[in-house]
Structure formats: structure tokens, C-alpha cells
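K.L.:
Provided herewith is a single structure, encoded as C-alpha cells, for subsequent inquiry.
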Amino acid sequence: AMADSIVIESDGKMEAHEDIKPPKGDLISIIREAGIVGLGGAAFPTHIKLSPPKDKKIDTLIINGAECEPYLTGDHRIIIEEAELVLQGINAVMKHLGVSNVYLGSEDNKREAIDRFKSKLRIIELKTKYPQGGERQLIKAITGREVPSGGLPYDIGVVVLNVGTCAQIAKTLRTGMPLIERVVTVTGKHLKEPKNLRTRIGTLFSDLIDQCGGMNKGEIGKVVAGGPMMGVAVPSLDVPIVKGTSGILVMTEEEARIPDAAPCIRCAKCVDICPQYLLPNFLGDYSEHDRFDQAKKLGAMDCIECGACSYVCPTKRHLVQLIKLAKLEILKK
């Protein structure tokens, strides 16, 4: 489908406009005007996240340094290469929220990142498992608290920010430069030279793939925006990076092959694996038979679409797609 777009032509000089200078005023206004959003992938507006209702007392700030998906390593590189910026952003948010209880969660296979921060912040070493980088899973792993169904982290006194978001807050405070770029992991078996690239918003996928040496020989399977579990295949390489594009995954034909689904055998592996404690087997059944009201009663809206149920299903049912369909139908009503 075509969409209206703004085409920006570069003069090649890459000079900041004279109006770009360190901003003054309150943090929320600065963040809102700079267009800063959550850079973990969800792209939720940061100024809203940092403006909880007055009746919600925030006592804990969690910095998410756990990659949300396999293959993605952008957060890891940001912690290592931009530690000072991350710390400055954290300090600004702490001051705004009035909290002193701050944790940085990082997976235990990221030793370099953990060592970089262990003398400056309370580091929580998390097991390297998926979906550890999910906001709700991170909160439970670090604080033991659970976000209620239909609720948000501030309902239990917590705000979660991605390390990249913190670094961007610091850059904006230092220079006045809005969010015009982000770190993107460009990777996959069909790619010649996987890299993490600092990329301007609007850059085409094709340009980033070329920057990584192009593709290997052979038939390409698909190109995914995001990671292998939650990413969405793109129909063309002439699509741009947006604020929520955390990765580009270039898959071989073998990797991308979708197996044929068979009937459910009631093994309950999907139930055991679900991080939201849902019943994906029944949710899939209800969605398949257009019983969306029943899916809603079973908590379909609490699904985080992590894809773990589809991954472990021995009969390869397309559970996460069915649950996503149910959620869309529920929201229509």
C-alpha cells in the first residue's frame, strides 16, 4: 500500500541548523518537542511515560539493557560506546521523577556492558532468555511486582526506559538535536557483513543492506523489520527506517520457510511457555472460529505477541498470528 511521505534531500554538508542549541525549560516539554520515543521497538512516546497520573507514586526506575529479541545487539553497543550519555539521561529522568531507586537490567552474557556500569548503577544480571527484554517480564524479574491485567507499569510504581532512549535524552539536552537517528542491528545469515549502524530515520532498508556488503548468493527468504520472533516481513527493500526499527533481519530461504500447520495435540507446551500465563491453545481455537468474545474473556488483550507459543508448538500452529487477529477484531468493537 502506498502512503504519503516527505522526501528530504540532503545538501551533503550535514550542518546543524542555527536554531539547534541546548534547550531550556522543563524536561517533559523538551522530550516531547524532540520527538523522543521508546527506542526498544515499541516507540511509545517518552513524554507520556514520564508523566504518570498524580495519584500514581513512582518509586522505581528500571533501565532496560536486555535485548528484546535474538539477533539484536544495538542496546549492548550503546551501553559500551555511549555509557556517559546513558548515565546523563538516567540522572535527568531520576531528577524529574524524584526517585533514587534505579536498576539497570542486562543479560548475564553481556559481561562488557555489565562491567562498564557496575561501579555507577545497581546492575541486575538477568538470565539470557527470551523474552527477558519485555517490559513486564523485566519488572517482575527485578522487583517481583506484576503489572495488572489491562494496567501499565506506573500502576505498580515503576517506569521503564530503554538505554537508547536515555542516551537520546542526554543528546537532546546537550545539543538540542531532536530524535533523527537510531541504532539498527542489520544482520542475518543471508547478509555478508552484519553490523550495528547508527542510522538516520528514513534511510531505506536497501541502503543499510548495501552498507553491510549486500546479500550472499542464493535465493533470499525474506527481510524482516525487527527480530526473528516479533518482526514483520517487509514487501520491498524500498521501505524506510522508522523510530521503532530496532533491526533488519535478512533471512535465507531455508530460515524463512513457514511449515504447514497441523491440528493441536493438546500438549500444553504453549501454555507452559507463555510469559503472560495465558492459554494460547484456546485463544488460537477461538480466533480460528471467529469467537472473539471468548478470546477476550481469556485475556487475549494481555498477549504481548512474543511468538514463543508458535515457536514451541510441535504441530506448528500459527498461534501468535491467530491471537493478533483476535486482538484486532476485539479492538474494532
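K.L.:
For the stretch 26-50, which positions are under 19 Å from the mean Cα position of the chain (by Cα) and charged (D, E, K, R)?
P.N.:
Within the stretch 26-50, Lys49 is the sole residue that qualifies.
K.L.:
Moving on. Would you pick out the residues in the stretch 129-141 that are of a type outside the set (D, E, K, R), part of a helix (DSSP H, G or I) and crowded, with 19+ Cβ neighbours inside 10 Å? Explain how you work it out, then say what you get.
P.N.:
Let us first name the residues in the stretch 129-141 that are of a type outside the set (D, E, K, R), namely 130-134, 137-139, 141.
Remaining after also requiring part of a helix (DSSP H, G or I): 137-139, 141.
Of everything in the stretch 129-141, those that are of a type outside the set (D, E, K, R), part of a helix (DSSP H, G or I) and crowded, with 19+ Cβ neighbours inside 10 Å turn out to be Gln137, Leu138, Ile139.
K.L.:
Only residues that are open to solvent by 30 Å² or more (accessible area, probe 1.4 Å) and over 18 Å from Val147 (Cα atoms): list them for the stretch 267-278, please.
P.N.:
Residues satisfying the conditions are Cys267, Ala268, Lys269, Val271, Asp272, Ile273.
K.L.:
Only one of (1) open to solvent by 60 Å² or more (accessible area, probe 1.4 Å); (2) more than 25 Å from Pro52 (Cα to Cα); (3) free of Cβ contacts under 8 Å to residues at least 60 places away in the same chain is not met by Glu146, so which one is it?
P.N.:
Evaluating Glu146 over (1) open to solvent by 60 Å² or more (accessible area, probe 1.4 Å); (2) more than 25 Å from Pro52 (Cα to Cα); (3) free of Cβ contacts under 8 Å to residues at least 60 places away in the same chain leaves (2) as the failure.
K.L.:
Just give me the residues in the stretch 85-133 being polar (S, T, N, Q), in contact (Cβ under 8 Å) with a residue 24 or more places away in the chain and closer than 24 Å to Lys171 by Cα, in sequence order.
P.N.:
Applying the first criterion (polar (S, T, N, Q)) to the stretch 85-133 yields 88, 91, 100-101, 106, 109, 119, 128, 132.
Then keep just the ones that are in contact (Cβ under 8 Å) with a residue 24 or more places away in the chain; that gives 88, 101, 106, 132.
Across the stretch 85-133, the qualifying residues are Gln88, Asn101, Ser106.
K.L.:
So, in the stretch 206-242, how many residues would count as being under 22 Å from Pro70 (Cβ atoms) and of a type in the set (D, E, K, R)?
P.N.:
Total satisfying the criteria: 1.
K.L.:
Within the stretch 14-33, take every residue that is under 10 Å from Leu173 (Cα atoms) and of a type in the set (A, V, I, L, M, F, W, C) and give me the one that is surrounded by the most Cβ atoms within 10 Å (Cβ to Cβ).
P.N.:
Only one residue tops the list, namely Ile31.
K.L.:
Among the residues that make up the stretch 58-78, is at least one of them farther than 19 Å from Arg200 by Cα, charged (D, E, K, R), out of contact with any Lys or Arg (no Cβ under 8 Å at 6 or more places or on another chain) and modelled with pLDDT of 95 or more?
P.N.:
Yes, because at least one residue in the stretch 58-78 is farther than 19 Å from Arg200 by Cα, charged (D, E, K, R), out of contact with any Lys or Arg (no Cβ under 8 Å at 6 or more places or on another chain) and modelled with pLDDT of 95 or more.
K.L.:
Then there's this: I'd like the residue in the stretch 230-266 that is out of contact with any His (no Cβ under 7 Å at 6 or more places or on another chain), of a type in the set (Val, Ile, Thr) and not in a loop (DSSP other than H, G, I, E, B) and, out of all such residues, is most open to solvent (accessible area, probe 1.4 Å).
P.N.:
Top of the filtered list is Val232.
K.L.:
If you don't mind, there's one more thing I want to ask. For the stretch 161-191, enumerate the residues that are hydroxyl-bearing (Ser, Thr, Tyr) and within 30 Å of Glu219 (Cβ to Cβ). Talk me through it step by step, then tell me what you get.
P.N.:
First pass over the stretch 161-191, keeping only residues hydroxyl-bearing (Ser, Thr, Tyr): 165, 172, 175, 185, 187.
Selection gives Thr185, Thr187.
K.L.:
Among residues belonging to the stretch 176-188 that are among the β-branched types (Val, Ile, Thr) and within 20 Å of Gly202 (Cβ to Cβ), point out the one that is most open to solvent (accessible area, probe 1.4 Å).
P.N.:
Per the stated criteria, the residue is Ile180.
K.L.:
Looking at (1) surrounded by 23 or more Cβ atoms within 10 Å (Cβ to Cβ); (2) in a loop (DSSP other than H, G, I, E, B), which is the one condition that is false for Gln168?
P.N.:
Exception for Gln168: condition (2).
K.L.:
Please verify whether Gly151 is at pLDDT below 95 and surrounded by fewer than 15 Cβ atoms within 10 Å (Cβ to Cβ), treating the condition exactly as stated.
P.N.:
Yes, satisfied.
K.L.:
Give the residues of the stretch 279-306 that are buried (at least 21 other Cβ atoms within 10 Å of the Cβ) and small (Gly, Ala, Ser), sorted by residue number.
P.N.:
Across the stretch 279-306, the qualifying residues are Gly284, Ser287, Ala295, Ala300.
K.L.:
For the stretch 54-83, name all the residues that are free of Cβ contacts under 8 Å to residues at least 60 places away in the same chain, open to solvent by 20 Å² or more (accessible area, probe 1.4 Å) and more than 20 Å from Thr199 (Cβ to Cβ).
P.N.:
Of everything in the stretch 54-83, those that are free of Cβ contacts under 8 Å to residues at least 60 places away in the same chain, open to solvent by 20 Å² or more (accessible area, probe 1.4 Å) and more than 20 Å from Thr199 (Cβ to Cβ) turn out to be Lys54, Asp55.
K.L.:
For the stretch 309-321, name all the residues that are surrounded by fewer than 22 Cβ atoms within 10 Å (Cβ to Cβ) and either of a type in the set (A, V, I, L, M, F, W, C) or in a loop (DSSP other than H, G, I, E, B) (or both).
P.N.:
Once the filter is applied, which keeps residues that are surrounded by fewer than 22 Cβ atoms within 10 Å (Cβ to Cβ) and either of a type in the set (A, V, I, L, M, F, W, C) or in a loop (DSSP other than H, G, I, E, B) (or both), the stretch 309-321 yields Val312, Pro314, Thr315, Lys316, His318.
K.L.:
Looking at the stretch 192-205, is at least one residue open to solvent by less than 20 Å² (accessible area, probe 1.4 Å), β-branched (Val, Ile, Thr), out of contact with any His (no Cβ under 7 Å at 6 or more places or on another chain) and outside any helix (DSSP H, G or I)?
P.N.:
Scanning the stretch 192-205, I find at least one residue that is open to solvent by less than 20 Å² (accessible area, probe 1.4 Å), β-branched (Val, Ile, Thr), out of contact with any His (no Cβ under 7 Å at 6 or more places or on another chain) and outside any helix (DSSP H, G or I), so the answer is yes.
The values are calculated or read from the model by the stated rules, or taken from the named source; none is laboratory data. Remember, predicted model here, so these are calculated numbers, not experimental data. No Cβ is skipped: glycine too gets one built from the backbone with ideal geometry, and neighbour counts run over all protein chains shown. For the accessible areas, the whole protein counts, side chains as well, though only heavy atoms, and no ligand, DNA or RNA atoms are used. Shrake-Rupley method; radii C 1.70, N 1.55, O 1.52, S 1.80 Å.
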